[in-house]
1. Considering only residues that are among the hydrophobic types (A, V, I, L, M, F, W, C) and outside any helix (DSSP H, G or I), look in the stretch 56-71 and name the one that is nearest to Val102 (Cα to Cα).
2. Hey, does the stretch 41-54 have a residue that's exposed (fewer than 15 other Cβ atoms within 10 Å of the Cβ), touching a Leu at 6+ places or on another chain (Cβ under 7 Å), at pLDDT below 95 and not polar (S, T, N, Q)?
3. Output the number of residues of the stretch 20-35 satisfying the condition of being assigned to a loop (DSSP other than H, G, I, E, B) and either of a type in the set (Gly, Ala, Ser) or at pLDDT 95 or above (or both).
Amino acid sequence: MSDTTFPAPGVSAEDLEKLKTFYQAFAGRPHLLDDCVTPDWQDIPLAPGQAPGRDGAKPLIAGFSAVFADLKIDLIEAIGVPGKVAVRAVMTGRHVGELFGVAPTGKSFSLPIHEFHTIEDGRLTETRHMEDWLGWFAQMGALPAAQE
């Protein structure tokens with residue numbers, strides 16, 4: 001995760017630190033989830049095969065290391081009100097392991113991320129997220145064929 005500052009109007013310093021920790025966790029340090037999300041944190045939608053809660057996300061994050069080299073998440077912008085924060089970020093890395101049926105390409109990628117977090121008592125309780133996976137397939141030269 002980038003250590004540079006970014007616009008974060010309406011986001012408290014405490015919530016901003018929790019968000020930074022959250023994105024560091026997703027960049028290959030799953031144990032950091034213990035510091036920033038509740039045990040029953042809701043990740044919406046769950047990835048295929050992902051169990052719910054904080055512990056359900058840890059194997060997913062650990063698996064990223066086998067698929068993505070040089071994984072980094074840069075926060076671009078956060079906007080918030082008490083208890084709610086919207087984040088715009090970019091995940092970058094290199095595709096080195098099979099993912100979604102796509103064999104390793106070695107290609108670098110840039111994947112936009114948009115997330116909406118609920119924070120209570122200094123911990124994330126819910127994250128609703130949307131990533132541009134279709135753009136990732138295009139960058140890997142592996143757009144899925146349309147089904148008729």
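1. Result: Phe68.
2. For the stretch 41-54, residues exposed (fewer than 15 other Cβ atoms within 10 Å of the Cβ), touching a Leu at 6+ places or on another chain (Cβ under 7 Å), at pLDDT below 95 and not polar (S, T, N, Q): present.
3. So the count comes out to 2.
Rundown of residues vs (1) hydrophobic (A, V, I, L, M, F, W, C); (2) in contact (Cβ under 8 Å) with a residue 40 or more places away in the chain; (3) part of a strand (DSSP E or B), yes/no style:
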| position | (1), (2), (3) |
| --- | --- |
| Pro48 | no, no, no |
| Arg54 | no, no, no |
| Ile76 | yes, yes, yes |
| Gly80 | no, yes, yes |
| Arg88 | no, no, yes |
| Arg94 | no, no, yes |
| Glu115 | no, no, yes |
| Met130 | yes, no, yes |
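The values are calculated or read from the model by the stated rules, or taken from the named source; none is laboratory data. Predicted model only: the values in this text are computed from it and were never measured. Cβ coordinates were reconstructed from backbone atoms using ideal geometry, including for glycine residues, and neighbour counts include every protein chain displayed.
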